[in-house]
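Have a look at the structure below, then the notes.
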Amino acid sequence: MIRRYIYGNPFITEAVVKCIEKENNALPYFVTEKKINDNGEEYLKFSLNMKRNDMIFGLGENVGGINKRGKEFISYCTDESGHNEDKRSLYAAHNFILYKGENNFGLFVDTPGKVVWDLGFTDSNLLTISLSDVNANIYLIENCSAANPCKDENRFGNDNLESSSEYEKIVSEFRELIGKSYVPPFWALGYIQSRWGYNEPKDFKYILEEYRKNNIPIDAFCMDIDYMEEYEDFTVNKKFFPDFEGFVSEMKNEGVHLIPIIDAGVKIKEGYKTYEEGVESEYFCKEENGKNFVVGVWPGKTHMPDFLNRKASEWFGQSYKFLIDKGIDGFWNDMNEPATFYSEQGLKKAWEYVLSFKDKELDIYNVFNLRGVFNSVANNPEDHKLFYHDLTETLKDMRKEIAEGKATGYDLEDIKRCENFLEKTENGFRVRHDKVHNVFGFNMTKAAMQEFEKLSSEKILLFSRASYIGMHRYGGIWTGDNCSLWGHLLMNVKMMPSLNMCGFLYSGADTGGFGGHCQKELMERWIAFSIFTPLFRNHAAWDTREQELFRFGDIEEFAGIIRLRYRLLPYIYEEYMKAVENNKCLFKPLFFEYDSDERVYEIEDQLLYGDSLMITPVVCENARGRMVYLPEEMLFVKFKGDVVVENKVMEKGDHYIKVEVDEVPLFIRKGKELKLCESAKCTKELDMNNLTTIAFK
Ligand code: MIG
């Protein structure tokens, strides 16, 4: 059952697709207080006393474990390249937790501003959730054991939903509230090669040739900012790509798709189409005085499209047409937290500060302050108070949708509350960016996907860096600038179920690590995990060791693992679709199924994958095997590359399994099966009708 608690005048984030009636009783479990912050403004704080063994799961894209108790997290979309264990914010704001206590429940805090989740960090037995103001929709999901809401007439109707644990039911009910997850085109489940620094056709062609020569399947390349003209969105560098269309179709004939990047900021340059259109129609975010806000990003000075303004969104979404017309059928949206290198105001202040110390003797504090000045100019939250979003047209459109019976997730009362939250202007409504920061990237991606549906009859691939719950309906996410670290492989493993709980099924990390120099063994272990993530992309920064799969020697070892991914695609696709249709997770913690086994709550490096499998990736350096815990008897299947080399029933309990660097272990659950096809050089050439089955009857 879902209950909705309305506090103050919440902004309509469009995270939910069902309009739940207002609950008049107080939110149970939590003490609710109004507090005053340092600026004298009111905010809401919810507190709950935790028992020693209570656990907290969820929060999507964040560092830390599957159980996040003990840490503090801040939902505030941030361009964060150091994904250390102590980082409190990454690129997303996924305000959903699954609480395991005396009463299990799900809680979704739907508010577009900053939210601080103190999960027993300040006081180990106290959970507090602090909002940045007094306005939010809070959804409590509990008592889901009776009627499962997700009994869908779906074409994969072989699910036994009655056997789901309460955790799974809570998550499913939440997922039903926020709407079905995005389904990418099938080719997007293939292997994607990427690197910041592929400049021209010959770079891509050379890599493709190596992949083909070495029998490594591949379906797509990402194109990073290098393909553009001076980092201008919706342009192509003519020097490098004199015949871009020809190149796109040449690659497509090879079964390879190109996925260009689109950045949020639009370069300020006379004569540049997107800039001029945006200025002309007033589609950019404005300062308080009405001047277009200027922010430095890749292209130099830019304006930020006002993605919260539906008119501006439509325009920006339509701008992708330039590339779609050239045969492009996939995109990744970057820098949409939004990431900022500097604001003019911030830069000015920084210089003033620095110059004030010129020729003076520095004490130790000043030395540190000075060193930090230019670092803090980038992605400075203070800049978020300098610009505004115009909601006038958006609200008109929402009212129209309600009148036409097309609105989901909000009614007239919600609109009125939202209008009260906003600042009234002469012609309508506006809001300062910091108050709605977390839905910026969401709206960029929504804008694109909504227009893609008009622009193309084909399904288009889209994934984004920043996100908010609700965005999972419009595209996938990659988890940003990780590093070539063993710890980041483990983080990838632990993050997948949390992302799935929040609806993000088409997701994955930069395999091999974005920053840093990847070593051979790390890459092998990483691809052996990423073959299970729907978004499977090898991506790296320009200044790191080249990490395409033929760069490490022993190429056949890499090739075999990628071919296994392709062999698994019938299973991956079917389980993905089942997860979408039934609002379930593809990656599940073990306790989602084996909830009565106390042991499994501690296990975070083994995951259930779809209905049939348990996966047990090797995430440790120099390991030639690992310990696994089997909550029941299972069939152990070990692949060397894409060939089965071991296949035996193992009983419940602890085992050590040997796993060489070119091997992939998995377990088939009792009464379940795994369907495999033969591998091919790309998804287009897979024969999905000729399947081999490995079953554990
Ligand atoms: O400031 O486009 O996360 O994947 O390669 C860096 C260059 C901007 C950040 C993305 C990364 C991408 C990079 N971008």
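The values are calculated or read from the model by the stated rules, or taken from the named source; none is laboratory data. Please read these numbers as outputs of a predicted model, since none were measured by experiment. Every residue, glycine among them, receives a Cβ derived from its backbone with ideal geometry; neighbour counts consider all protein chains shown. In case anyone asks, the SASA skips ligands and DNA or RNA and just uses the protein heavy atoms, side chains included. Shrake-Rupley method; radii C 1.70, N 1.55, O 1.52, S 1.80 Å.
Explain nothing, just the number: dipole magnitude of the chain about its Cα centre with +1 on each Lys and Arg Cβ and -1 on each Asp and Glu Cβ, in debye rounded to the nearest 20.
Dipole size: approximately 640 debye.
The distance separating the Cα centre of the stretch 391-410 from that of the stretch 210-254 comes to 39 Å.
Protection proxy ranking, highest mean first, for peptides 54-65, 355-366: 54-65, 355-366, where packing is the per-residue count of other beta-carbon atoms within 10 Å, averaged.
The local environment of N104, defined by Cβ-Cβ distances under 13 Å, has a net charge of -4 under the rule Lys, Arg +1 and Asp, Glu -1. Rounded to the nearest 500, the 222 nm mean residue ellipticity of the chain from helices alone is -8000 deg cm²/dmol, with -39,500 (n - 2.57) taken per DSSP H run of at least 4 residues.
Given an 8 Å cut-off on Cα distances and at least 6 residues of separation, report the relative contact order of the chain as a percent.
15 percent
Across the stretch 154-288, the relative contact order, built from alpha-carbon pairs under 8 Å that are at least six residues apart, equals 19 percent.
Could you list log10 I(q)/I(0) for the stretch 619-684 at q = 0.13 Å⁻¹, which the Debye formula gives when each Cα is one point scatterer? Debye curve over Cα of the stretch 619-684, log10 I(q)/I(0) at q = 0.13 Å⁻¹: -0.43. For the chain, the equivalent ellipsoid derived from the Cα gyration tensor has semi-axes of 38, 32, 25 Å, listed largest first. Measuring spread by the Cα atoms of the stretch 365-463 yields a radius of gyration and Dmax of 18.9, 61 Å. A 1.4 Å probe over all protein chains sorts R565, R371, R195, R545 by accessible area into R371, R545, R195, R565, starting with the largest. Write down the percent of antiparallel bridges among all DSSP beta bridges whose residues are both part of the chain, to the nearest 5. Around 75 percent antiparallel, to the nearest 5.
I'd like to check one number: the per residue accessible area of the chain, probe 1.4 Å, reported in Å² as a whole number.
Each residue of the chain exposes 38 Å² on average to a 1.4 Å probe.
Summing charges over neighbours of H472, with a neighbour being any other residue whose Cβ is under 10 Å away from its Cβ, gives +3 when K and R count +1 and D and E count -1. For the chain, with all protein chains in place and a probe radius of 1.4 Å, 47% of the accessible heavy-atom surface sits on carbon or sulfur.
Can you list the trypsin sites (Lys or Arg not before Pro) in the stretch 602-644 that are in a DSSP coil and have 15 or fewer other beta carbons within 10 angstrom?
R624
Remark: relative contact order (the stretch 224-354) = 29 percent; criterion is Cα-Cα distance under 8 angstrom and separation of 6 or more residues. The distance from the alpha carbon centre of the stretch 550-569 to that of the stretch 57-127 is 35 Å, rounded to a whole number.
At the residue level, E352 shows approximately 110 square angstrom of accessible surface with a 1.4 angstrom probe and all protein chains present. Dimensions of the stretch 483-634 based on its C-alpha atoms, expressed as ranges along the principal axes with the largest first, amount to 46, 32, 26 Å. The stretch 1-36 and the stretch 415-441 have Cα centres separated by 19 Å. What's log10 of I(q)/I(0) for the stretch 313-387 at q = 0.21, 0.23, 0.28 Å⁻¹, Debye sum over Cα points only, no solvent? Normalising to I(0) and taking log10 leaves -0.95, -1.04, -1.23.
Both numbers refer to the Cα atoms of the stretch 1-121; Rg and Dmax are 14.9, 43 Å. Show me the GluC sites (Glu not before Pro) within the stretch 505-586 that DSSP assigns to loop and that have at most 13 other Cβ atoms within 10 Å of their Cβ. Within the stretch 505-586, the qualifying GluC sites (Glu not before Pro) (loop, at most 13 other Cβ atoms within 10 Å) are E546.
About its Cα centre, the stretch 188-238 has a charge dipole of approximately 400 debye under the convention of +1 per Lys or Arg Cβ and -1 per Asp or Glu Cβ, with nothing else charged. Computed from Cα atoms alone, the Kirkwood hydrodynamic radius reported for the stretch 565-697 is 15.6 Å.
Projecting the Cα atoms of Y5, S467, H389 onto the charge dipole of the chain, computed from C-beta unit charges around the Cα centre, puts Y5 farthest toward the positive end. Simple rule: put +1 on each Lys or Arg Cβ and -1 on each Asp or Glu Cβ in the chain, find the dipole, and look at P299, I615, Y43; the Cα lying farthest toward the positive end is I615. If you model the stretch 419-558 as an ellipsoid using its alpha carbon gyration tensor, with each semi-axis the square root of five times an eigenvalue, the axes come out at 36, 17, 14 Å, biggest first. Legend: translational diffusion of the stretch 195-251 by Stokes-Einstein, Rh = Kirkwood radius over C-alpha pairs, 25 °C, 0.890 mPa s; D = 203 µm²/s. Quarter the surface of the alpha carbon convex hull of the stretch 581-625 and you get the mean projected area, 4.1 square nanometres.
Could you list, in their original order, any pairs among K169/K697; K18/K494; K454/K684; K114/K311; K22/K286; K100/K494 whose Cα atoms are separated by more than 28 Å?
K18/K494; K22/K286
One compactness figure for the stretch 290-446 is 1.33, namely its Cα radius of gyration divided by 2.2 N^0.38 Å.
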